[in-house]
Structure formats: C-alpha cells, structure tokens
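Quick notes on the structure that follows.
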Amino acid sequence: MRVEPLGASNERAWGELFVRAASPCFCRYWHFAGTKNEWLARCATEPQANRDDMTSAIARDSDDARGLVAMDGDEAIGWLKLTPRAAVPKLRKLSVYRSVDLGDDEGVWSIGCFLVDPQTRRRGVARALLEAAPAFVRSRGGTVIEAYPRHVHETTHGRLHDEEAMMGPEALFAGFVAVADARLTAAYPVVRRVVA
C-alpha cells in the first residue's frame, strides 16, 4: 500500500473506490450549498453530478479537492479528505460546532472524511492515511490538522458502525489534543495536532 495526493493520475481509481463503497457523495457534501433534503435527493438521484463536481475541482487543482488516496497497485482502497479549513466553510455552520471557538483558519487543515473500501476495512488503511497527513499538510504550508471524530460513550452505543465513522473513530486520533472542553461528553469533539 502506498499513500499519495489525489490528482489526475489516480482520479479514476479514486472514483471507482466510491462506486465500490456505494458512496454517492463523491466527497462533495462540504461544498454542496443546498438543504439537507436537497443533498439527500442529489445523492439518491444524481450521484454523477457529485462526481462531475469533484472531477472539475481536481482539474482546477482546487483546495476543495485536496486529500490523500491509499493505493494498492492501481486500485484505490482508501481516501482521506484533507483540506484547508477555509475551503470547508459549511463546517462552522453545523450546529455541533457553532458553539466551539475554532479560532482563525490560518494554517489549519481539516479532515473532512475517511472512506475505506469495504473489503479492506480494519487493516490499517485509515491509520496509514492519517500517518501520511502531517507531511502532506506541512508541504502545503499548513501548521495544524484538525479532526472531528464521532465520540461514542461505551455505556450507550458501544462502537460505531462503519457508516457512522466517516469522520474517523475517536481512537484513531491518539496524539491529537481536544479543542473543546466538553470533549468527554460531546458527541462530536474537535481535536488538533500541530504539525509545524
């Protein structure tokens, strides 16, 4: 397995990963301006529009198409959306983050999601993507990686189902430091790692 930035050379394999994983979003949620119901309708009836949007963003070398792809030969087996936080303004509008003082966007890169091929889950793909993230962010002038894992209290839900872990399971982010004081009770804590 190797980890590399998303670009023209692996775009086709990246898209095939989303098809195999039955994920019609093609990583466009953070950039869709419509309502939640409009987003759900688009994913259900127009997934190709999402893919076309991402293809266009990759061709423009846009910040909203930044991320890392885990490759096994010519096949993409994992994806980590990793982009400047300024490129995902929708994040600050979500009710779970509105009350958290996230500070200035300068130098902060956000982990928008993980996607791992269903056939290769629980084999270290997400960890490999996360381990490659600091060098990727530093090479682009970033200083901090910020993540928004789903916190699951052991006495209530146990572990996350795969479909609930798109932001990464909390245990993956060892070495990250909590931003919000309510980390232990918040369902969606904010954690950071300084990389430069």
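Quick one: in the stretch 169-186, of everything that is in a loop (DSSP other than H, G, I, E, B) and at pLDDT 80 or above, which residue is nearest to V116 (Cα to Cα)?
Among those that are in a loop (DSSP other than H, G, I, E, B) and at pLDDT 80 or above, it is A174.
With the requirement that a residue be of a type in the set (S, T, Y) and modelled with pLDDT of 95 or more, what does the stretch 30-60 give you?
Correct list: T45, T55, S56.
The values are calculated or read from the model by the stated rules, or taken from the named source; none is laboratory data. Small disclaimer: the values here were computed from a predicted structure and weren't measured.
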